[in-house]
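Please read the structure below before turning to the comments.
The values are calculated or read from the model by the stated rules, or taken from the named source; none is laboratory data. In this text the structure is predicted, and so the values were computed from the model without any measurement. Ideal geometry is used to build each Cβ from the backbone, glycine not excepted, and the neighbour counts take in all protein chains shown. Quick note on the areas: whole protein, heavy atoms, side chains included, nothing else; ligands and nucleic acids left out. Shrake-Rupley method; radii C 1.70, N 1.55, O 1.52, S 1.80 Å.
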Amino acid sequence: MTIGMFLALAIFGWINIYGASYTFDQTSIVDFSNRAGKQFAWIIGSLLLGFVVLMIDYKTYDVLAYIAYGAMLLLLLATPFLAHDIKGSMSWISLGPVNLQPAEFAKCIVALAIAKYMGRYEYKLRTWRDLIVPFAMIGVPALIIMILQKETGSALVFAAFLLVFYRQGMSGYVLWIGVAAVALFLMSIRWGQVPLPLGTGSVGILSCMLLLTAVEIYFICKEHRLRWQALILIGSVLLVYGISLLVNIWVAVPFNWVSMGVVIALVLYTIFVSIYWRKYILFIVAAFTVFCIGYTHACDFAFKKVLQPHQRIRIEVLLGMKEDPSGAGYNVNQARIAVGSGRFFGKGYLHGTQTKLQFVPEQDTDFIFCTVGEEWGFVGSIGVLLLYLFFLLRLIMIAERQRNVSTRIYAYSVASIFLFHLTINVGMVLGLLPVIGIPLPFFSYGGSSLWGFTLLLFILLRLDAARMEQLR
């Protein structure tokens, strides 16, 4: 069943690559001079690769996991010196007539190494110290890819492993920290320069401080479970803001400083409660809140000085801070037009005007889903998404039936990587997420991504086939 869904996705992707790159003088879908023909060769190669993977003894993947991880790091470090600059990225190595991207294969190797490390009998995920090595194992290759190879999209994929850690017992607070960091960044960037209608200050900073205020009150009351305490804290905060609004009638009040003072006062109270009641989790909350105050004020600097210009423009367009229909927003605008023009049943295969006239850049790679929307319509798009849903559910089912902890961790790594790719790719095509350039699994044109996903899947199938031989 799993292989059947793999074939269905790969073949339908191949058909849509032909539709996206089709010109009226083409006669064959297997013409190796065009991208559809080349993708057909990659699909045949992926089937051969999958067959080889299935023939290898399952123990080999565990034995070679660390060795492959070390070799992969060396290859990632060497790639910028061997690669050619392709649209600002130094991540592609030329091997004769083909180009390979080592970062696509790194995901599989990292998954194997993490599965081996966290699957050890003596390993237990109890405290944050137990996450130091796993975080380093995903952080090092991600930083190499992001900084040296300048490939942000491929680096962000490694964040998918956080879902695996959560499944293995990582505190949900870690995921909450990630969500909070993104929320604070977006609020401070989007509304950081928007002045308040009353007093002085910015909407962005005030919004961030109000969010931190709510978090502090929530954790204090969560640990004590005293309703009166929540009422007192909320009432005190409202009183401070009420007095500030009253004073603002005569004197302009710096609400940025007022909101920051409220948060700091709550932090001090949280520390007192932490010591008095020996609720040391509250001390961690207080420390994190202090960090968030500094982080909020550093977001503007990071946005302007750390991110590349094209990355800043993409975020500004996504957040509605800038209109750039012919520049950074061009891809997304054209993709939306293509998807929307397909309506319910689509324009028909090879009849998509947006794709035929090459309005959508990268329409057979990162934006392949817009071809599905235009030519197959809403029905076809939902059909593809349902196929991916069944595929992901199948991977989760495989993960849950494993007797070996290491294999289960690897299975969840595979499912998380596929989920991340699917969510980000479809989200950026629909204009819901920034354009970061990652392929749609088995669909997008490219041998590196297809073979990388094939390795991920078929290694899992080989390990699953041997599950009855594994004890742990």
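Observations, loosely collected:
- Proximity of backbone amide H atoms, modeled 1.01 Å from N, is registered between Thr200 and Val253, Phe255 at under 5 Å, excluding neighbours fewer than 5 places apart on the same chain.
- Taking 22 Å as the limit for the C-alpha separation, the pairs Lys150/Lys304; Lys59/Lys116; Lys124/Lys279; Lys59/Lys107; Lys38/Lys150; Lys107/Lys305 exceed it in the case of Lys124/Lys279; Lys38/Lys150; Lys107/Lys305.
- Taking the 1.4 Å solvent-accessible surface of the chain as the whole, the part contributed by carbon and sulfur is 71%.
- The long axis of helix 65-82 is offset from the longest Cα principal axis of the chain by roughly 90 degrees.
- The alpha-carbon positions of the range 62-216 define a convex hull whose volume is 142 Å³ per residue.
- Think of the chain as having a plus end and a minus end, set by charges on the Cβ of Lys, Arg, Asp and Glu; of Leu455, Val237, Leu74, Val237 sits farthest toward the positive end of this dipole.
- Prolate/oblate/rounded label for the range 163-252 (Cα gyration tensor, a/c 1.5): oblate
- A Förster radius of 25 Å combined with the Cβ-Cβ distance from Ala159 to Ile3 puts the calculated FRET efficiency at roughly 0.30.
- When you work out D = kT/(6 pi eta Rh) for the chain at 10 °C and 1.306 mPa s, using the Kirkwood radius from C-alpha pairs as Rh and the Stokes-Einstein form, the result is 64 µm²/s.
- Sparsely packed trypsin sites (Lys or Arg not before Pro) within the range 1-62, loop by DSSP, other Cβ within 10 Å at most 12: none
- The chain - charge dipole about Cα centre, Lys and Arg +1 at Cβ, Asp and Glu -1, debye rounded to 20: 1220
- Translational D in µm²/s for the range 224-301 (Stokes-Einstein at 4 °C, 1.567 mPa s, Kirkwood Rh from C-alpha pairs): 92
- Exposed GluC sites (Glu not before Pro) absent: longest stretch of the chain, with sites in DSSP loops and at most 16 other Cβ within 10 Å deemed exposed: 123-322
- Charge sum, other residues only, whose C-beta stays under 10 Å from Gly169's C-beta, Lys/Arg counted +1 and Asp/Glu -1: +2
- Cα gyration tensor shape of the range 29-72, rounded if a/c is under 1.5, else prolate or oblate by comparing a/b with b/c: oblate
- Computed [θ] at 222 nm, helices only, for the chain once each DSSP H run of length n ≥ 4 contributes -39500 (n - 2.57): -22500 deg cm²/dmol
- Whether the range 1-88 is rounded, prolate or oblate, judged on the alpha carbon gyration tensor where a/c under 1.5 counts as rounded: oblate
- Selection from Ile271, Ile293, Tyr412, by position along the positive dipole direction of the chain (Cβ): Ile271
- Between 0 and 90°, nearest 10: helix 309-318 axis offset from the chain longest Cα axis: 80
- In the context of the full set of protein chains, residues of the chain present 49 Å² of accessible surface per residue (probe radius 1.4 Å, heavy atoms only).
- A simple spin-label model places pseudo-atoms 7 Å from Cα toward Cβ; at Ile232 and Gln193 they are separated by 4.4 nm.
- Among the chymotrypsin sites (Phe, Trp or Tyr not before Pro) in the range 87-176, those placed in a DSSP loop whose Cβ has at most 12 other Cβ atoms within 10 Å are Tyr121.
- Against the chain, whose longest principal axis comes from its Cα atoms, helix 255-276 is set at around 90 degrees.
- P(r) histogram, all alpha-carbon pairs of the range 359-472 included - 5 Å bins from 0, percent: 2, 11, 19, 21, 17, 12, 8, 5, 3, 1, 0
- At 0.692 mPa s and 37 °C, Stokes D of the range 180-222 from Kirkwood alpha-carbon radius, µm² per second: 302
- The label point for Ser94 and the one for Leu175, both projected 7 Å from the Cα toward the Cβ, are 4.5 nm apart.
- Extended-chain gain in nm, criterion 0.36 nm per residue less alpha-carbon gap, Ile382 and Tyr349: 10.3 nm
- Working from label points 7 Å from Cα in the Cα-to-Cβ sense, the Glu400 to Ile243 distance is 5.5 nm.
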